[in-house]
Every structure is written in structure tokens, then in C-alpha cells.
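Here is the structure we will look at.
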Amino acid sequence: MRRTLAVLAAVLIAGPALAAKPFEDEPHRIQREIEEPEPWKEGSYQLPPYPEEKNLAEVDVAPPGTPFTFAIDRENLNVGADNVVRYTIVITSRTGASNVLFEGIQCASPLYVTYAYGDGAGGFREASAPEWRVISGQGTESYRKFLREDYFCDVTNTNLTLDQIRQRFKYPVRDSGPDRLPAWFQGR
């Protein structure tokens, strides 16, 4: 009888606690414990010096038949704390006309920004309102897609280190399909 009374008392005492459904609030508690990531914020940058011919490295970042050559300034390549790869690129036409751009690319998302343009007198002119835009894989602007995929970012869209990027300029990796294989592999 004492045992029955003890069990009955335990059930009467624990009953309200069990009826409260202790796990009902669990998803809300877990949601409160998971912090939302900070929104991405672009870091500061400085305009680099205008590129010198001796520091330019030609890169294969265009589909076959493109009438331009592309060269990156090896001395002014940077991976910022904000995970933006900033670079200076010189785009030269077959006739010798060239455009010089200082740009940034994000690996986490397919976005780029043009910070400044070569002014034709050995300096840069800052863009009036630099704006992040989606990288196009089409036409003469496809070089950004190839820079992002083949030189600056890994397959998980994470930035490579500056040393890894420089290594890729020496030994390019072609992640963008069979047309992106090095010339020696294609038998050219």
C-alpha cells in the first residue's frame, strides 16, 4: 500500500510537469541560440599604382577567338579581409588600344565591382559610384567569370590565398569546361 501511495504521489506531482510538454518550446530555443550571420560589409581599399609593363602577366581568360588579350598586374593583387579579390587588369585589342581597370570579385557570390579606370595618362580615375554587379559569362566581359572560376576561387566558391592565386597564374586550372584547357593540352 505504501508503494502504491508513493507511486500515486509521484504521478500527481510529476503530472503537471509532463503535461507542460517540455519539448514544445525546443525549436524556438534552438532558433534563439543560432545567431544570424552578420551581413557582408565591404572593407576599405586604396587605388593601386598604375601597372608597369614588367609586372603584367598575360592570362587566358577569354573564349577562343576573342579579339583581346588580358594581363593582370602581379604586384597589385590583393585578397582583402572582406574576402574580395582586388586586381588590376589590362585589356588590349588587336590594334593595340588598351583599357586598364581596377576591380574586385567576390568568390562567395558571382559579383564584381569596377573601382577605377585607367585615365590614359598613367593614373586611375575612380568610378563615381562603384556598384556590385552580377558577373556575366558572355562576350568580352566573360574574363571576370574565368578569373573567378579559374584563378581566384576554389570549387566551393571560397577565396584562395594570395599565394594560391599566384600559383594558378603560373599553372592555370581550367574549371570552366573543355574549351578552357591549356593550349599545350589541346595540341595547339
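Read-outs: derived from the displayed coordinates by stated rules, not from any lab. Remember, it's a predicted structure, so these values are computed and weren't measured experimentally. Glycine also receives a Cβ, built like all others from the backbone with ideal geometry; neighbour counts cover every protein chain displayed.
What order do you get for ARG74, ARG86 when you list them from fewest to most C-beta neighbours inside 10 Å?
Numbers: ARG74 16, ARG86 21.
Placing the least packed residue first, the sequence is ARG74, ARG86.
Dipole orientation for segment 33-89: of the candidates PRO64, ASN76, GLN46, PRO64 has the Cα lying most toward the positive pole (charges on Cβ; Lys, Arg +1; Asp, Glu -1).
What net charge is computed for the residues neighbouring ASP163, neighbours being all others with C-beta under 15 Å from the C-beta of ASP163, Lys and Arg scored +1, Asp and Glu -1?
On the way: positive: ARG74, ARG166, ARG168, LYS170; negative: GLU75, ASP154.
Summing Lys and Arg as +1 and Asp and Glu as -1 gives +2.
What net charge is computed for the residues neighbouring SER136, neighbours being all others with C-beta under 12 Å from the C-beta of SER136, Lys and Arg scored +1, Asp and Glu -1? Overall, the nearby charge balance is +3. Among PHE124, PHE152, PHE68, PHE102, the order by Cβ neighbours within 10 angstrom, fewest to most, reads PHE68, PHE124, PHE152, PHE102. Less than 13 Å Cβ to Cβ from GLU75, Lys/Arg counted +1 and Asp/Glu -1: what total charge do the surrounding residues give? Its environment carries a net charge of +1.
Residue exposure proxy: VAL79, VAL84, VAL134, VAL173, ordered by other Cβ atoms within 10 angstrom of their Cβ from fewest to most, comes out as VAL134, VAL173, VAL79, VAL84.
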